[in-house]
Amino acid sequence: MEALQLFLERVTPELLQGTVVTIQFTLGGLALGFLIGLPVALARVYGVLWLRRLVSGYIALFRGTPMLIQLFLIYFGLPDLGITFDRPVAALLTLGLNSGAYQAEYFRGAIQAVGQGQMIAARAIGMSQWQAIRHIVLPQAFRLVLPVWSNEMIAMVKYTSVIFLIAVPDLMAQAKILSSRYFDPITIYITVAIYYLGLVGIATGLMRFVAKKLETPGLKLDVELR
């Protein structure tokens, strides 16, 4: 037991460094996904035909292919076309584009759940379509989408583990380095699994607390989860 304790004390600083990187990319991927997903959802609901088809193709592409392939195409494939990204940028872009496709579907479901009657009523009192979306539809949609959006945060914590394959020093990358250094992969990866469980548990508890605070009785959103 003492040997295990000493071993964990040696590896903890590196694992904590990797945990910080994992949290940074989780939050960054979610933020970029939000910035992409919300406009895409609005385009799917209110856009013209060609725009709806374009964003539907983006959603189908990023939801229908593995994130690992997306990461390799962005980091290794785009340089063949003259487009090169640093490792952290490529990792963040991959996470954001993938998350944006899922978030777009969450937001689309929430927007459509608000009800067309409210849009008609808003237009009837003189609001433009954009004013009605901004002041009537989106505030309700954000509240509706929060419980299912929490699923995206939990998924993102785990999906960041792929970025170690392009040498981004996240929690998984630190685990690989430490397992090679100490020749004890079982202990290392069990410890890392506990770290991921802790991160997921914290994210789940936080989102449940926020969702409960903002919950509106009688309003629920039923959309496809991961």
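Each value in this text was obtained by applying a stated rule to the coordinates, not by laboratory testing. Note that the coordinates shown come from a computational prediction; the quantities given were computed from them, not determined experimentally. Here Cβ is always computed from backbone atoms with ideal geometry, including for glycine, and neighbour counts include all displayed protein chains.
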So for the pair VAL200, ARG181, with labels modelled 7 Å out along Cα→Cβ, what separation do we get in nm?
-> 2.7
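Between THR84 and LEU214, what length comes free when the chain is fully extended (0.36 nm per residue of separation minus the Cα-Cα distance, one decimal in nm)? If you can, show how the numbers build up before the last one.
On the way: separation 130, 0.36 × 130 = 46.80 nm, distance 4.21 nm.
Stretched out fully, the THR84 to LEU214 stretch lengthens by 42.6 nm.
Length gain on complete extension for the stretch TYR189 to LEU61, per 0.36 nm per residue less the alpha carbon to alpha carbon distance?
Values: separation 128, 0.36 × 128 = 46.08 nm, distance 3.18 nm.
So the chain would gain 42.9 nm between TYR189 and LEU61.
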What does the charge count near LEU93 come to, summing +1 for each Lys or Arg and -1 for each Asp or Glu among other residues with Cβ under 14 Å from its Cβ?
-> 0
When the dipole is taken about the Cα centre of the stretch 63-190, and only Lys, Arg (+1) and Asp, Glu (-1) are charged at their Cβ, what size is it in debye, to the nearest 20?
-> 340
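If you place +1 on the Cβ of every Lys and Arg, -1 on the Cβ of every Asp and Glu, and leave all else neutral, what size is the dipole of the chain about its Cα centre, to the nearest 20 Debye?
On the way: 18 positive and 12 negative charges, 176 e Å.
Using only the charged Cβ atoms, the result is roughly 840 debye.
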Enumerate the residues in the stretch 78-120 having an amide nitrogen under 16 Å from the point lying 7 Å beyond the Cα of ASN151 toward its Cβ.
-> 99-113
The chain: angle of helix 185-214 to the longest principal axis, Cα-based, in degrees nearest 10 | 30
By the scheme Lys and Arg +1, Asp and Glu -1, what is the net charge of all other residues having a beta-carbon under 15 Å from that of LEU51?
-> +4
Farthest toward the dipole's positive end in the chain, which of THR160, VAL55, LEU35, given Cβ charges of +1 (Lys, Arg) and -1 (Asp, Glu) about the Cα centre?
-> VAL55
Quick one: compute a quarter of the convex hull surface over the Cα atoms of the stretch 126-214 and quote it in nm².
-> 7.9
Can you give the angle from 0 to 90° between the axis of helix 87-114 and the longest principal axis of the chain, with both taken from C-alpha atoms, to the nearest 10?
-> 40
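Summing -39500 (n - 2.57) over the DSSP H runs of n ≥ 4 in the chain and dividing by its residue number, what mean residue ellipticity at 222 nm do you reach, to the nearest 500 deg cm²/dmol? Let's see the in-between values first.
Numbers: 9 runs with 172 residues, N = 226.
Per the formula, -26000 deg cm²/dmol.
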Treat each spin label as a single point 7 Å out from the Cα along the C-beta direction, and report the PHE142 to LEU27 distance in nm.
-> 1.9
Helix 49-64: inclination vs the chain longest Cα principal axis, degrees, rounded to 10, gives 20
Taking every other residue with Cβ under 11 Å from the Cβ of ARG181 and scoring Lys and Arg +1, Asp and Glu -1, one gets 0
Charge-dipole axis of the chain as Lys and Arg at +1 and Asp and Glu at -1 on Cβ define it, positive-most pick from MET127, PHE107, TYR75 | MET127
